[in-house]
1. Select from the range 258-297 the residues that are over 17 Å from residue 318 (Cβ atoms), of a type in the set (S, T, N, Q) and within 25 Å of the chain's Cα centre (by Cα) and list them in ascending order.
2. Against the condition at pLDDT 95 or above and surrounded by fewer than 21 Cβ atoms within 10 Å (Cβ to Cβ), how does residue 273 come out, does it pass?
3. (1) surrounded by fewer than 16 Cβ atoms within 10 Å (Cβ to Cβ); (2) within 21 Å of residue 183 (Cα to Cα): which one isn't true of residue 248, the others all being true?
4. Out of everything in the range 352-376 that is of a type outside the set (Gly, Ala, Ser), assigned to a loop (DSSP other than H, G, I, E, B) and without any contact (Cβ under 8 Å) to a residue 12 or more places away in the chain, what residue ends up being surrounded by the fewest Cβ atoms within 10 Å (Cβ to Cβ)?
5. Name the one entry in 15, 49, 93 that is in a helix (DSSP H, G or I), under 31 Å from the mean Cα position of the chain (by Cα) and more than 17 Å from residue 120 (Cβ to Cβ).
6. Taking the stated definitions as given, is residue 79 in a helix (DSSP H, G or I), closer than 21 Å to residue 6 by Cα and among the acidic types (Asp, Glu)?
Amino acid sequence: MTGSTPQDFLEKAAAALQSGDQAGSLRALRSGIRSHPKNAELRHAAGRALLTQGKADDAAEQFAEAFALAPNHHEHAVDQSIALTAAGRSREAVEVLATIEQQARGDAQYCSTRGKAERSAGNMEAAAQWYDRALRIEPNRPKALTGRANVAIERGEPRAVRHFDRALKVDPGNPYLWMGMAQALDVEGDHKGALIIMRQIADQAPGFTDGLRYLAQLRHARGDEDFASHFATAAQRVPQDPNIPDTWCKTLAALDLTAEAAEIAAAAQKPGATEAHFALLEAVYAGASGDNERAEAIFAGLDNESLDRVRHEARHRLRLGQFDAAGRLLDAALQRAPGDIGAWSLRDILWRLTGDERAQWLHGQDGLVQLRELVGRDGLVDDAVAELRTLHATAPMPLGQSLRGGTQTRGTLFHRSESILLELHRAILATLEEYRSNLPQHDPAHPLLRHRDTGWRLAGSWSVRLTGRGDHHAAHIHPHGIVSSALYLVLPDEVHEPGSRKGWLELGRPPRDLGLDLEPLIAIEPRHGHLALFPSSLYHGTTAFDSAERITVAFDVVTD
C-alpha cells in the first residue's frame, strides 16, 4: 500500500476485523505504523487490537507511543492504564493516570479506570474515592458500580449490601455481582440468604465455577457432609466444560479428600485438549492419597512436559525415595523457572534427605529465619485483637487453605478500612524492614536473597483464629511469595509448657502426603507480640493444641 494514508490502513484493518481476521487486522495496522510511525491513531488502534488478543504488555507499549505523540488526547493514557492493569502492572497504571488527572478528573471513564487501577494496586481508599467520583458524574455506569461494590466488601464497609443492590439494578445478569451480594449477606449474618442466592446461581449458571466453589464453602460451613454434590449436577448439565471437574477436584483436595479428587479427575478424562491435564491431576491426587502404583502408571504414560508436570513428578519421585530422579526433575524445573518456589521447597527436602551441603546455603544461613518483636506502640496488639475477634465472629473456615479447624478472616485483611488495622499494617512493614536489614547479603542464585534489595510489598494478608481441639495448619507453602510470616497476638498457655511444643510453628517438615521421615529444620516457640519471618520456600505448619485460643496475622511478601 505504497502511498496509502493512515486512514487507508485503518479502513483495511477494520475490514479484516469485520470478517473475523484479527491477525490480518493487526498486520494492516503494523504496516500502517511502519509507513506512518508518528501517527497516534494507528498506534492507538494497534494497542486495542493487541489488548483484544490478550497481549496486554504489547498493547500498553503502543498506547504509550500514541500518548507521547498526542499528549493532549487523554484517551491514550486511559487505555494505556487499562492495558497495564491487565498486565499486572497496576502501580504503573496509577502513575500514568496521575499525569492526566487535572484535565481528565471530570470524565467518568477516567475516574472508573482510576478506581480499578487503584484497587488492583491495593489502594482501597483511593479506589473507593475514584469510583464514587465516577458515579457522581455518571450514576449508572456499570463498571463503576461493580467496582465500588467490590471495594465495599473488600474494605469491610457496613453498607456493602446496598452497593451490590445498586449495581444489580443496572446489571442484574452479572453472576459475580450476585456472588458478591451473597458474600455481603453472609458477613452480615444472613447465611440462609447467601445460600439461597448461591444455589440459584449454581442452577442458572452451572459453568460459573467461582460460584460453585463459594457454594461449597457455604455448605461446608453449615456442616453439610456432601458439601460438593452440586458440582456433579453442574458437570451433568455442562459436560463439555472442563473447568467444572477441575474446580471440583481442587475443592475436594483442599480438605484432603484426595482419593475422591482422583476419581473425579479420572472420570473427566476424555479425548481432547484437556485429557493430559486431568491425567496429571489423577496422578497427583492418587499419589497424595497413598496409591503410588496408580500414580506411577499414569506418570509413565504422560508425554506432557509442562513445568507443572515436572514439579509434580519430582514430588512423586521424592515420595518413592527415588532421589536421583527427583533431583534431575527439579533441576529441569528450576532451569526453566529459576524462581519457582514450589520447586525450591522440594529441593530443600531432597538436599536435607541426601545430606547435600547446599541445604545449609538454601535455608540454614543465619538471618533467613527470624523471630522479631513487632515495631509498634504499647497496646497495639491488644487493640488489634479486639477488632480481629469481631471479624472472626462471622468468618468461615475457608476451602483451599492450610487451615484444619478454626476460622480465617475474609479477603485481604489490610485492604479493610478500620484504623487499627491500618496501624497494624504500618507496624508490620516497619518490622519487615528490620528483618530485611538482618538478612545475609544479596545472592543472585538464592530464591529469597536474589530479592534482598528490591522493592517489597505485602500481597495477601489474613488472620487465623484456632480454638484448640486439635486445630492446626497442615504443612504447606505460599508459592507466590518470597517471605512468609506469622504474627502472634493471642497464645494458649500450653504453648509454653516444657517439652510439649503444642501450637508451635514447624519450618521444613514435609507435608504428610509425602510420607517422609524428616524432622522440621526449625521449630519456633511462638511469642506474644512477635513476628516470625522466613523464606516462602520453606514448608511450614503448626502442631495441634488442645484448649484456649490462638490468634495470628499472616501475609506474604512479594516484589514490586
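The values are calculated or read from the model by the stated rules, or taken from the named source; none is laboratory data. If you're wondering where the values come from, they're calculated on a predicted model, not measured in any experiment. Ideal geometry is used to build each Cβ from the backbone, glycine not excepted, and the neighbour counts take in all protein chains shown.
1. Scanning the range 258-297 gives a single hit, 274.
2. no
3. Condition not satisfied by residue 248: (1).
4. 357
5. Values: 15 fails: under 31 Å from the mean Cα position of the chain (by Cα); 93 fails: more than 17 Å from residue 120 (Cβ to Cβ).
When all the criteria are applied, what remains is 49.
6. yes
Here's the yes/no breakdown for (1) of a type outside the set (Ser, Thr, Tyr); (2) part of a loop (DSSP other than H, G, I, E, B):
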residue	(1), (2)
164	yes, no
176	no, no
189	yes, yes
196	yes, no
211	yes, no
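To keep it simple, each residue is scored yes or no on (1) at pLDDT 95 or above; (2) among the aliphatic types (A, V, I, L, M).
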position: 4; (1), (2): no, no
position: 10; (1), (2): no, yes
position: 15; (1), (2): no, yes
position: 59; (1), (2): yes, yes
